[in-house]
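Comments concern the structure below.
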Amino acid sequence: MISTIRKTIQKRRAAALAVLVLLCLLTAGCGGRSAKQAGKDQSGSAQEQAGGDQSGGAQQQTGEDQSGGAQEQAGEAETRGPVRIGVLQIADSFPLYVAVEEGLFQKHGLDVEIIEFQSASDQSVAYEAGELDGMMTDMIVQSLINKSSAEDGMKTVAMAFGGDASEGRFIVASSPDSGISAPEQLAGSKIGISENTMMEYLVGRYLEDLGVDLSSVEMVNIPKLTLRLDLLMEGSDIQAAILPDPLAIEAESRGCGTVIDDTKLGKNYSQSVVTLRKALIEDGAGTLDAFRDAYNEAIEKINADPDACLELFYEKANVAEPLQGRYGVPSYTPDCVPTEEDVAKIEEFMVKKGLLDSPFSYEEMVVQ
């Protein structure tokens, strides 16, 4: 009897041992498959779930905690692709350069690429070809682009220069031997401008507000600024010309008279603006707010310590070496867009010139 019981116990132990061995083998097999699958996950769905972070969700969370969500914003920037902004190498563009150089766009989750142009016309062609997402420009160029681009047009999102009357100085200078020193003496003279641009608009506004009959002067189209200054110095083809700083400073240093200085007229005449394509403004990904935050932060940096930006300014604003001692880093106004009156005046000029059939509304031109 005892022998029979012992045999039964031994059989049960053997069966239990067999089951245990089988379970171990099954467990090892499952573990092998899991490891193999995990290897696949490094380049598959696990990577997607971790937002491309191969070291897992815990590390991603740590990175977010350390940078206040900057990793997540950077991931969004990669998804959106670079925001390509066309600029001219002038002082108006400088806050954009600072925002890129200081990593401020990146900080706010944007990848912004600055593309330089030698002329506003080349810049406009590039935008219409789909090579740009925004521009540093003026509202005359913006209106012309919107006329041809319709729903693919742009809106002003920030001011470059012109937040107040002291920014972005233009002068109407007279040739050294012209004898012209006051606005009323411009009657009967030839004034060098760039036709159908902000410069023509400005000269008209100055003369109108100063009581000079527009029909008493002849506007001469000289688009290239350096040629305009050279012709002004000669004094034969033109006797006056509109010039922006720093070229205005050079003209004054070479003996030209300052007939009109628009920073002393008590009005804010000239504005340059930063625009973005409508599709970006309305993309639902926060591009507009991120762009403005970075841009305004750049302006605050410049205004807080302009001397620290001086070397970069001379390089990016293309300031000629002889002028570098006389033309410092200007101030800029953050959180600023053109007023309704500013836009209305420009649109009125463009309709009168036949550049537009009808004016654009403020809402079509500006995002507040």
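Using C-alpha pairs below 8 Å separated by at least 6 residues, the relative contact order for the stretch 123-230 is 21 percent. Inter-label distance, Glu218 to Leu288: 4.8 nm, where each label sits 7 Å from its Cα along the C-beta direction. Exposure proxy ranking for Lys353, Lys264, based on other Cβ atoms within 10 angstrom of each Cβ and starting from the fewest, stands as Lys264, Lys353.
Among all the aspartates and glutamates, which ones have a C-alpha under 18 Å from Lys345's C-alpha, if same-chain residues fewer than 8 places away are not counted? Qualifying aspartates and glutamates at Cα under 18 Å: Asp138, Asp164, Glu195, Glu200, Glu208, Asp209, Asp262, Asp357, Glu363, Glu364. The stretch between Asp177 and Gln89 holds 28.5 nm of extra length on full extension. This uses 0.36 nm per residue minus the Cα-Cα distance.
Given the stretch 170-264, what percent of its DSSP beta bridges are antiparallel, to the nearest 5?
Bridges in the stretch 170-264 are about 60 percent antiparallel.
Counting neighbouring beta carbons within 10 Å and listing from fewest to most, the residues Met233, Met136 come out as Met233, Met136.
Taken along the Cα-to-beta-carbon direction at a fixed 7 Å, the label points for Asp335 and Asp230 span 4.7 nm.
Each Lys and Arg contributes +1 and each Asp and Glu -1, all at the Cβ; summed about the Cα centre of the stretch 170-264, the dipole is approximately 120 debye. Among the listed pairs Lys147/Lys190; Lys224/Lys353; Lys147/Lys316; Lys155/Lys264; Lys107/Lys267; Lys107/Lys147, a Cα-Cα separation exceeding 26 Å is found for Lys147/Lys190; Lys147/Lys316; Lys155/Lys264; Lys107/Lys267; Lys107/Lys147. Using the average count of surrounding beta-carbon atoms within 10 Å as a protection proxy, the listed peptides 116-123, 201-208, 152-159, 249-256 rank, highest first, as 152-159, 201-208, 249-256, 116-123.
Projecting each Cα onto the charge dipole of the stretch 170-264 (Lys/Arg +1, Asp/Glu -1 at the beta carbon, about the Cα centre), which of Tyr201, Phe170, Thr226 comes out farthest on the positive side? Toward the positive end, the furthest listed residue is Thr226. Backbone N atoms of the stretch 333-368 closer than 19 Å to the 7 Å Cα→Cβ label point of Ala150 belong to residues 356-361, 364-365. Between Tyr314, Leu355, Thr333, whose Cα lies farthest towards the positive end of the dipole of the stretch 246-368 when Lys and Arg beta carbons carry +1 and Asp and Glu beta carbons carry -1, centred on the Cα centre? Final value for the positive-end residue is Leu355. With a cut-off of 8 Å between alpha carbons and a minimum separation of six or more residues, what is the relative contact order of the stretch 144-296 in percent? Taking the mean separation of contacting Cα pairs over the length of the stretch 144-296, I get 41 percent.
Applying the Kirkwood pairwise sum to the alpha-carbon positions of the stretch 158-281 produces a hydrodynamic radius of 14.8 angstrom.
Each value in this text was obtained by applying a stated rule to the coordinates, not by laboratory testing. This one's a predicted model, so the numbers in the text were calculated from it and none came from an experiment. For neighbour counting, all protein chains shown are included, and Cβ atoms are generated from backbone atoms with ideal geometry for every residue, glycine included.
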